[in-house]
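**Student:** Take this structure, written in structure tokens, and hold onto it; I'll ask about it next.
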Amino acid sequence: MTAQSCPRQHCATTMDSTALEPSLYTVKAVFILDNDGNRLLSKYYDVELYPSMKEQKNFEMNVFNKTHKADNEISFIEGMTIVYKSSIDLFFYVVGSAQENELMLMAVLNCLFESLNQMLRKNVEKRTLLDNMDGVFLVVDEIIDGGVILESDPQQVIEKVNYRADENPLSEQSVAQHITEKLALTSNVLQSAKEQIKWSILK
């Protein structure tokens, strides 16, 4: 069928159905703010949404101002569907498009909160969050990858980032040990490369 013989109504229907097809890219952004609206963690998965840091922070402050005293769990701001919850001095937000299913976004939010709740031994507040930021980023990355929801079961998330409910959160010592091991591995690779170069020159 040529472009000329394509009935207008049929073409329009095809375009509409394509536009309405569900997308795996459900989450536009995730951020955690303190009770003054300051950013503690923020990840934007749609590069076109708010490209600059200034635009992101303006959006976050706008969202905070309209939600931090509200009793609702869902809000529609700047053409976005936003689900949120608070804990002591923290506010958790998951952002999707205007057409996004709120239940899907809520599942992500609950998974994030419950995973952190287990990781931080039910002490989900600013100080413990900041003390365990490495673990917090790991949790977020296990739940969402590039806007795609990977996991909504907190127990699975905790297991994947090598946490257990009965173990201590990632300590500074274990972080330092991890970095030392990485450096040692890099050093070994470099040493091996040098040896290979040396032998190739001697041949």
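**Student:** Any residue in segment 79-98 that is more than 17 Å from TYR50 (Cβ to Cβ) and in contact (Cβ under 8 Å) with a residue 40 or more places away in the chain sitting within a Cβ distance under 7 Å of a residue that is in a strand (DSSP E or B) and among the polar types (S, T, N, Q)? List the pairs, counting only those 6 or more apart or interchain.
**Tutor:** Close Cβ pairs satisfying both conditions: none exist.
**Student:** In segment 105-119, which residues are open to solvent by 10 Å² or more (accessible area, probe 1.4 Å) and of a type outside the set (Asp, Glu)? So that I can check it myself, show each step before the final result.
**Tutor:** Taking segment 105-119 and keeping what is open to solvent by 10 Å² or more (accessible area, probe 1.4 Å), we get 106-107, 110, 113-114, 117-118.
Result: MET106, ALA107, ASN110, PHE113, ASN117, GLN118.
**Student:** Looking at segment 129-143, can you tell me whether even one residue there is open to solvent by less than 80 Å² (accessible area, probe 1.4 Å), more than 13 Å from the chain's Cα centre (by Cα) and more than 20 Å from ASN38 (Cβ to Cβ)?
**Tutor:** no
**Student:** How about segment 23-76: which of its residues are touching a Ser or Thr at 6+ places or on another chain (Cβ under 8 Å), more than 27 Å from ASN132 (Cα to Cα) and in contact (Cβ under 8 Å) with a residue 12 or more places away in the chain?
**Tutor:** Listed by number, the residues that qualify are ILE74, SER75.
**Student:** Same structure again: Which residues, counting only those in segment 115-156, are among the small types (Gly, Ala, Ser) and part of a helix (DSSP H, G or I)? Can you show your working first?
**Tutor:** Step one: list which residues in segment 115-156 are among the small types (Gly, Ala, Ser), which gives 115, 135, 146-147, 152.
Hits for segment 115-156 are SER115, GLY135.
The values are calculated or read from the model by the stated rules, or taken from the named source; none is laboratory data. These numbers come from a predicted model, not from an experiment. Glycine gets a Cβ as well: all are built from the backbone with ideal geometry, and neighbour counts include every protein chain shown. Just so you know, the surface numbers come from the protein's heavy atoms only, side chains and all, with ligands and any DNA or RNA stripped out. Shrake-Rupley method; radii C 1.70, N 1.55, O 1.52, S 1.80 Å.
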